[in-house]
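Below is one structure, written out as structure tokens; comments come after it.
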Amino acid sequence: TQLLEQSPQFLSIQEGENLTVYCNSSSVFSSLQWYRQEPGEGPVLLVTVVTGGEVKKLKRLTFQFGDARKDSSLHITAAQPGDTGLYLCAGDEVDSNYQLIWGAGTKLIIKP
Amino acid sequence: EAGVVQSPRYKIIEKKQPVAFWCNPISGHNTLYWYLQNLGQGPELLIRYENEEAVDDSQLPKDRFSAERLKGVDSTLKIQPAELGDSAVYLCASSPGTSGGHRVETQYFGPGTRLLVL
């Protein structure tokens, strides 16, 4: 059973469109991280959210942590081909000694 | 500053053969992680080191997998003997390890070693 469920598993859209991907759990997390992984490379951290209801923006990417700290979303505005990649969320459960649990990822393809 | 270095980048072996992967973390990083990643999946932790001590190896299949970080710097992950199901990407990551265990740290990943067992 995947502790962190990411949806959709796969998304292919045209350049310029908006999209949202989700990371959900029944567990409460102290913090949640979003990583992007490009083919042939390791994941790279995009953002860490730590406060329930927190919203962080990174250029065209908007990250939100749920009020109950059980879920998170990533919204991309005006997607570009350079946004293509595997988006992974990872969280540390409360009382887990800060060890990360990883979701399976959303594979995103932005077509020119 | 150099990132996490892994070698080899690719490895093809026959089943029952041994294989070893090497990782050099970012200079000064005390914490080192080995992950396994199957196609289309997220990373799965195999082992975590704090300096030279393996502090979490609960997910390491110890009958065939072993790891070492003798001087608390670079690390080697070994599989002997390899099985068909071991085909995957093996990722190494490091983090500063300076938070005293009081917060989640950013993990910096290497490019991975892609293993194919035939």
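The values are calculated or read from the model by the stated rules, or taken from the named source; none is laboratory data. Computed from a prediction, not measured in an experiment: that's the story for all the values here. Every residue, glycine as well, gets a Cβ built from its backbone with ideal geometry; the counts of neighbours run over all protein chains shown. What goes into the accessible areas is simple: the full protein's heavy atoms, side chains included, and nothing from ligands, DNA or RNA. Shrake-Rupley method; radii C 1.70, N 1.55, O 1.52, S 1.80 Å.
For the protein assembly as shown, the percent of C-alpha pairs falling in each 5 Å distance bin, counted from 0 to the bin holding the largest distance, reads 1, 7, 14, 18, 18, 17, 13, 8, 4, 1, 0. Remark: mean inter-chain Cβ contacts per residue of B:43-52 equal 2, using a 10 Å Cβ-Cβ cutoff to other protein chain atoms. Counting pairs on different chains as well as pairs 8 or more places apart, how many Lys pairs in chain B have Cα atoms under 21 Å apart? Lysine pair count for chain B: 6.
Could you give the semi-axes, largest first, of the ellipsoid that matches segment A:42-83, computed as the square roots of 5 times the alpha carbon gyration tensor eigenvalues and rounded to whole Å?
Working: eigenvalues 84, 29, 13 Å².
They are 20, 12, 8 Å, listed from largest to smallest.
Got the relative contact order for segment B:57-118 handy, in percent, Cα pairs under 8 Å and 6 or more residues apart? Relative contact order, segment B:57-118: 30 percent.
Considering all different alpha carbon pairs of segment B:1-94, the Kirkwood hydrodynamic radius works out to 13.5 Å. The order of A:Phe29, B:Phe109, A:Phe10 by accessible area, most exposed first and with a 1.4 Å probe, is A:Phe10, B:Phe109, A:Phe29. The ellipsoid equivalent to the alpha-carbon distribution of segment B:53-95 has semi-axes of 20, 12, 10 angstrom, derived from the gyration tensor eigenvalues as √(5λ) and listed largest first. For the pair B and A, the buried accessible area comes to roughly 1500 Å² in total, with a 1.4 Å probe and the value rounded to the nearest 100.
Calculate the dipole size of the protein assembly as shown relative to its Cα centre from +1 charges on Lys and Arg beta carbons and -1 charges on Asp and Glu beta carbons; express the result in debye to the nearest 20.
Numbers: 21 positive and 26 negative charges, 104 e Å.
In debye, rounded to 20, the protein assembly as shown gives about 500.
Each Lys or Arg adds one and each Asp or Glu subtracts one; over the other residues with Cβ under 13 Å from the Cβ of B:Ala20, this totals 0. The orientation-averaged projected area of the convex hull spanned by the Cα atoms of chain A comes to 6.7 nm². Structural descriptor for chain A: relative contact order 36 percent, calculated from alpha carbon pairs under 8 angstrom and at least 6 residues apart. What figure in square angstrom, to the nearest 10, would you give for the accessible area of B:Arg64 with a 1.4 Å probe? In the full protein context, B:Arg64 sits at about 30 Å².
Normalising the average separation of contacting C-alpha pairs (under 8 angstrom, six or more residues apart) by the number of residues puts the relative contact order of segment B:1-99 at 37 percent.
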